[in-house]
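See structure below.
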Amino acid sequence: MIVILGATGKVGSKIAALLTKKSEPIRLISRSADRLRLMAGRNVTIFPGDANDTKFLIKAFTGADAVFTMIPPNPTVPEFLRYADAIGESIVRALKAASVKHVVNLSSVGAEVSSATGPINGLHNMEVRLNSIKGLNVMHIRAAYFMENLLMNVDLIRSKGITGSAVRGDLAIPMIASKDIATFAAEHLAKRDFTGTSVRYLLGQRDVTMNEASGIIGRKIAKPGLPYVAFSYEDAEKGMIAMGLSPDMSRNYVDMSRAFNEELIKAEMRTKENTTPTSIELFCDEVFVPAFAQKKAA
């Protein structure tokens, strides 16, 4: 049996969709009971609950051969790193109690760095915790910048006619579509073909600058020449708070942008093995354009 934590999220939901096509039973964990009910099926059981509740997680993990772990995002939490550490400790205690043998853990590029990377600090700490479990076979997926993060620009395009963030416009960074992460994770959860502690980078189809991404988005939504604006760290923080993020979470995202800009966050050299198929052009066709059109219709 396979258990998926964060089963209604960007990556977890796609892993669930892939694994439900197989005969092996799976359990889906999420805070949202209503969204989980829509995913129930013949080989699928749902476990709505809070990952910070260790007793709940022990029950959910019991009998599992493999577990997909992650720190569920929570943009309104007052202190993100404290939240991430609490969730991480709960997951580790439950894995030990349930004697789980295989874990695929969603991490990030930059997780080898122990500080000054914003929310990625929490993923570094999670890797360390999982590596400390005796006898656990764990694969950390250090994924690139999510293309889905670009969806935060939909409202900005409509209101200001620009895209923007605190990341430098001329900085080429690896960007990945969440469906490519899910495909990789689902395959290895099903096969359990990894032993010991390992790290796998997933870097998307190619490195992309924010200037280039904005140009591609503009062409896809019939706004050629759509400009990208690199906001000051102060303005970016204020903008995220205005969007409803907590002040602490906003500061963490600014710290992550700064770490990218200063090239503290680096990935391993691009290879055939860590390059994934979905280009930013295809992502725009499949995800960004429909999201932009839906916002317009609303």
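The values are calculated or read from the model by the stated rules, or taken from the named source; none is laboratory data. As the structure is a prediction and not an experimental result, all values here were calculated from the model. Cβ sites come from the backbone with ideal geometry, for glycine too, and all protein chains shown count toward neighbours.
In a helix (DSSP H, G or I) and surrounded by 19 or more Cβ atoms within 10 Å (Cβ to Cβ): is that true of residue 141 in this structure?
Numbers: in a helix (DSSP H, G or I): no; surrounded by 19 or more Cβ atoms within 10 Å (Cβ to Cβ): yes.
So residue 141 does not fit the description; no.
Filtering segment 192-228 to residues that are of a type in the set (D, E, K, R), in a loop (DSSP other than H, G, I, E, B) and within 30 Å of residue 2 (Cβ to Cβ) leaves 192, 193. If you go through segment 116-135 and pick out every residue that is surrounded by fewer than 19 Cβ atoms within 10 Å (Cβ to Cβ), in contact with a Leu (Cβ under 9 Å, 6 or more places away or on another chain) and hydrophobic (A, V, I, L, M, F, W, C), you end up with 2. Taking residue 168 as the residue in question, decide whether it is touching a Lys or Arg at 6+ places or on another chain (Cβ under 9 Å), outside the structural domain of residue 221 (by TED's automatic domain parsing), of a type in the set (D, E, K, R) and touching a residue at least 12 places away in the same chain (Cβ under 8 Å). Against the criterion (touching a Lys or Arg at 6+ places or on another chain (Cβ under 9 Å), outside the structural domain of residue 221 (by TED's automatic domain parsing), of a type in the set (D, E, K, R) and touching a residue at least 12 places away in the same chain (Cβ under 8 Å)), residue 168 does not qualify. Can you spot a residue in segment 77-85 that is among the hydroxyl-bearing types (Ser, Thr, Tyr) and either in contact with a strand residue (DSSP E or B) (Cβ under 9 Å, 6 or more places away or on another chain) or over 22 Å from residue 191 (Cβ atoms) (or both)? Within segment 77-85, one or more residues are among the hydroxyl-bearing types (Ser, Thr, Tyr) and either in contact with a strand residue (DSSP E or B) (Cβ under 9 Å, 6 or more places away or on another chain) or over 22 Å from residue 191 (Cβ atoms) (or both). Within segment 58-76, residues that are hydroxyl-bearing (Ser, Thr, Tyr) have Cβ atoms under 9 Å from residues that are surrounded by fewer than 16 Cβ atoms within 10 Å (Cβ to Cβ) and assigned to a helix (DSSP H, G or I) in these pairs: 62/97, counting only partners at least 6 apart in sequence or on another chain.
Taken together, the residues in segment 144-170 that are closer than 24 Å to residue 272 by Cβ and either among the basic types (Lys, Arg) or not in a helix (DSSP H, G or I) (or both) amount to 3. Is segment 12-19 home to any residue that is closer than 20 Å to residue 97 by Cα and surrounded by 22 or more Cβ atoms within 10 Å (Cβ to Cβ)? No, segment 12-19 contains no residue that is closer than 20 Å to residue 97 by Cα and surrounded by 22 or more Cβ atoms within 10 Å (Cβ to Cβ).
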